[in-house]
There are 4 protein chains.
Amino acid sequence: MKVGFIGLGSMGAPMAQNILKAGHEIIVFNRTGSRAEPLREAGARIAEEPSEAATGVDLLVTMVSDDLAVEAVLLGEIWPLGSLPRGAVHVSMSTISPELSRHLSELHAAAGQGYVAAPVFGRPEMAEAGKLWIVAAGPPEHVRRCAPVFEAVGQGVLEVGEDVAAANVVKVAGNFLLASAIEAMGEAFAMVRKHGIDPIHFLDIFNGHVLRSPVYQAYGGMIARGEYEPAGFKLAHGLKDTRLVLEAADEVSVPMPMASLIRDHYVSAVARGWSDIDWAALGRIAAANAGLGD
Amino acid sequence: MKVGFIGLGSMGAPMAQNILKAGHEIIVFNRTGSRAEPLREAGARIAEEPSEAATGVDLLVTMVSDDLAVEAVLLGEIWPLGSLPRGAVHVSMSTISPELSRHLSELHAAAGQGYVAAPVFGRPEMAEAGKLWIVAAGPPEHVRRCAPVFEAVGQGVLEVGEDVAAANVVKVAGNFLLASAIEAMGEAFAMVRKHGIDPIHFLDIFNGHVLRSPVYQAYGGMIARGEYEPAGFKLAHGLKDTRLVLEAADEVSVPMPMASLIRDHYVSAVARGWSDIDWAALGRIAAANAGLGD
Amino acid sequence: MKVGFIGLGSMGAPMAQNILKAGHEIIVFNRTGSRAEPLREAGARIAEEPSEAATGVDLLVTMVSDDLAVEAVLLGEIWPLGSLPRGAVHVSMSTISPELSRHLSELHAAAGQGYVAAPVFGRPEMAEAGKLWIVAAGPPEHVRRCAPVFEAVGQGVLEVGEDVAAANVVKVAGNFLLASAIEAMGEAFAMVRKHGIDPIHFLDIFNGHVLRSPVYQAYGGMIARGEYEPAGFKLAHGLKDTRLVLEAADEVSVPMPMASLIRDHYVSAVARGWSDIDWAALGRIAAANAGLGD
Amino acid sequence: MKVGFIGLGSMGAPMAQNILKAGHEIIVFNRTGSRAEPLREAGARIAEEPSEAATGVDLLVTMVSDDLAVEAVLLGEIWPLGSLPRGAVHVSMSTISPELSRHLSELHAAAGQGYVAAPVFGRPEMAEAGKLWIVAAGPPEHVRRCAPVFEAVGQGVLEVGEDVAAANVVKVAGNFLLASAIEAMGEAFAMVRKHGIDPIHFLDIFNGHVLRSPVYQAYGGMIARGEYEPAGFKLAHGLKDTRLVLEAADEVSVPMPMASLIRDHYVSAVARGWSDIDWAALGRIAAANAGLGD
């Protein structure tokens, strides 16, 4: 299978590697060219322009940071969508808005191409291990066409129907649950800490026996130790995803006060210059608000 | 071992039964006498006054609803603390404030009695199965004295040191994490539902593969189905515990905006007459705020 | 002076009438044509297309509901900006985003036209009386050109410099202060009411002697009486403006938790079908959350 | 008239001076004795104990910082209530909880004494000028007895009925409206400032022409200039009053999310060591959260 791949960030790069390892032919594009080097060495072709990565492929995978990047890459002046062959499928694995997903779906349909929304759950180490969870939506025949790539990068596919927006809704709702868990731990840990209790001990007690979630264990450890670097998922992206969930909620008139609260904390973190540390740094905001330095 | 037991609510009654089954002699007291009947039939003695349940016992267990109930029962006119033998231990398993716990500890110490704070995690069905998790704090020799009762009612004891207040801090912080998870699911489910996605499907996808917490699964199911009755843990108690975590946080100058938000939603639920349904009904508030009837 | 005027809503219609009364020649456009009738009778010319209202005028005034309306009207297929004579000035009196204002400023400059941002404070009755307050920003020579129109519709002009966005920032920040006052009264009134105190009496005491603001008096009266119809300013527009202030704040990384809270309440009001009542209906949300029916 | 006066803080001291100037005989008590010196020089008698200030007076005025201080002073071991003559009236002008006010009312009634709740609006400079606004509640004959003192310290009395708690509810609700205005300005000013607009200019525009409230002008000036010292009203007291309004609201099941938000910000300010600066320092929190240093 011939795969185009756009976006070699901390998630995209290992995904592209895994597609290559699975025996597919791959042509990759990244705005910052140097990030493509390890892939070149591993046998990938390097595109100079986004449109080049779309030319003549069976499947075009995009894994970029946000709506703007998708728009810049796909709807730019040198229009890659025009380069994608009729009958080929574009699978958007980025976390983008349900609205943009629907818009892309219509553009591709008009051009005789397929479109599948397939955002993923998992951090970079899971991307490296090919263990992502993929939430996929779109016409079944197009989703089926993505199977070889999904197998290469993930441990399973969770289908949510034909409406492509549904996959993006599930993704942003899921990220919101993660951010809520992070925020809640940040507040709880600041409180127990000022009462003289080691947050790691609290986490072991409570998550070890009650919640029993590996996600709480992982993020809880980061917050309890105050270790937010290197970022597995950057705080600026956490803010972006929180904006997405609020927009998706606003679209259907659902207030999400907890998401609003989290958004405000992320905005404050960005104002303090913390955009590039891990999004678990909601815990650092909670500590700062409690008068606890780092 | 001779055990006094005060408080036969939905948690206390099965705990007392399990203590009895474990072969201990037990004398129980409950404000509403009729709730003691099943225990009488099972072989327990029934006290007419709190003080009677304290007289001549090795261990006095209290499992009542809140600070006020503890104060009413223990610091009332017919002072049961005076009836408790010197050298006996009072183990408070209720969810009460760290402050009251410390106060009781001092009163007991002055009277030559022991005091252990040992709140529990678990819902009524876990109490029935003797599978509670016990968070215990107090002087080691007193905690040790509680071992036979802890074995009868729980599946494990998590010790948090000699400062009795620590156990109560851990308990209210833990309940706050639970309420946060409930609130977050309530908001997320309202949003996905208005986007046409079945919240049960969303929960299966996200908790089944990412969070993987049995607590999310249980509460998530209740919220997704809108089933808040019968209450495993009443909403009025959820409000009480949220007040406790805010007080414990205020005491050490820690803002907990997520706890504030949850408190406000519980207050609104009480104003709507929902005090007696399950505290998972934060999900019902989230739905109502999104214009979704029950 | 020859004036084009686009947007004949509850604010725009009386403003256009006042411009006419001041002796200027005016050509008006409104999407819903019937709203233009009273103006036709008063001597205005009616445009069939937005572009017609821009053709050959000295000054083009736009007073429409939001960014989308501005974009639809001005950047639509029949591009009215192209019809506006070189050297003419477009004065945007709508409440739009600082971002769009800057964008329009650049488009007009490129076309050799002037652009002034001049949003207004005041409700429909003030528009009728020609007593609006105008916040104006833009190049001084262009602001000066708007003087005859400003005199016709307002009681004063408050200049905020050459950066056109500044006027829009001031406007959305001001509307946020109004919404905050409304929300605060909504919560306070629900509380005093459930304590048996008449909110009108409370308002008289507190605003009559402490705050002494005519705005609190007017909105406070509406909330205390629960009278939200007819709308002076629709709730849907209140939500729009709260979104604008949050966007303007996000742009410069400022968290505004009170604005987030207000946004959530407006979203909930829209979900309940209250889009068309007055934005003071934050007080109705506060009452509903307190279990007080209307 | 013979007046006892307890509590010589920044409000109490000038009030006592004004009572003295009005020609009444006065005996004052303050925990920190040195604060009584200027009054001694002006002709007041100094009490060594609270009870001494109650002995033989017609009217006992208390103006202390909070519920705890009232309880310490009035319900202490040397019980001043017992020293107050039968038929004398205690007028509590402190900002205390409606609950404590009702409790005091009952204690006094049982002792054949009168009780009036009469909290005041106004800052220290208004206390000095004898220009406070007094919100009074209680049996009319007792309120009437306070008239000479009210005339000495205030510019007007606003009666709210016989239920003493009503005066305290009005007071805490009023302080909540003030704190809301402060918080809203803090957020708005941080936002306009980062957009390059001088907050003083914004305040002049918006309050000068729209809100037109002297309170916004005064607090707005402090926030815009970042001047929070010396404190007219200490932040720690602002936190106390916000707790009071939340308790009063909780008592009648009214959620007040804006009050919760303000409470959290005050708690954070206390955690940063800002207890003793002016409560307008919500503006300092808003600035800090926006990455703006002082």
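We did not get these values from a lab; they are worked out from the coordinates using the rules stated. A quick note: this is a predicted structure, and the numbers were derived from the prediction, not measured. Cβ: placed from backbone, ideal geometry, glycine included. Neighbour counts: every protein chain shown.
What to note about this one:
- Pairwise Cα distances in the stretch A:172-294 exceed 24 Å in 25 percent of cases.
- Net charge dipole, the stretch A:168-289: roughly 140 debye, given to the nearest 20, about the Cα centre with Cβ charges of +1 for Lys and Arg and -1 for Asp and Glu.
- Cross-link reach list, lysines versus C:K2, counting only Cα pairs under 24 Å and skipping chain neighbours closer than eight places: C:K21, C:K131
- Remark: the protein assembly as shown carries a charge dipole of roughly 0 debye about the Cα centre, counting +1 on each Lys and Arg Cβ and -1 on each Asp and Glu Cβ.
- The stretch A:46-107 and the stretch D:148-225: distance between their alpha carbon centers, rounded to Å: 53
- Unit Cα scatterers, Debye sum, the stretch B:1-91: log10 I(q)/I(0) for q = 0.14, 0.23, 0.24 Å⁻¹: -0.41, -1.15, -1.25
- The mean of 1/r over all pairs of different alpha-carbon atoms in the stretch D:247-294, once inverted, gives a Kirkwood hydrodynamic radius of 11.8 Å.
- With the convex hull constructed from alpha-carbon coordinates only, the stretch C:183-255 shows a mean projected area of 6.1 nm² over all directions.
- Rg and Dmax of the stretch D:2-161, Cα atoms only, in Å: 13.9, 38
- Whole-number D in µm² s⁻¹ for the stretch C:133-183, Kirkwood Cα-pair radius fed into Stokes-Einstein, 37 °C, 0.692 mPa s: 280
- Cα point-scatterer Debye curve for chain B, base-10 log of I(q)/I(0) at q = 0.10, 0.11, 0.15 Å⁻¹: -0.56, -0.66, -1.12
- With bins 20 Å wide beginning at 0, the percent of Cα pairs of the protein assembly as shown falling in each bin runs 11, 35, 36, 15, 3, 0.
- Rg to Rh quotient for the stretch D:118-220, alpha carbon positions, Kirkwood Rh: 1.12
- When chain D is treated as a GNM with alpha-carbon contacts under 10 Å, the residue of D:V135, D:V192, D:V170 showing the greatest mean-square fluctuation is D:V192.
- Normalised contact order of the stretch B:23-88, rounded percent, pairs of Cα under 8 Å and 6 or more residues apart: 32
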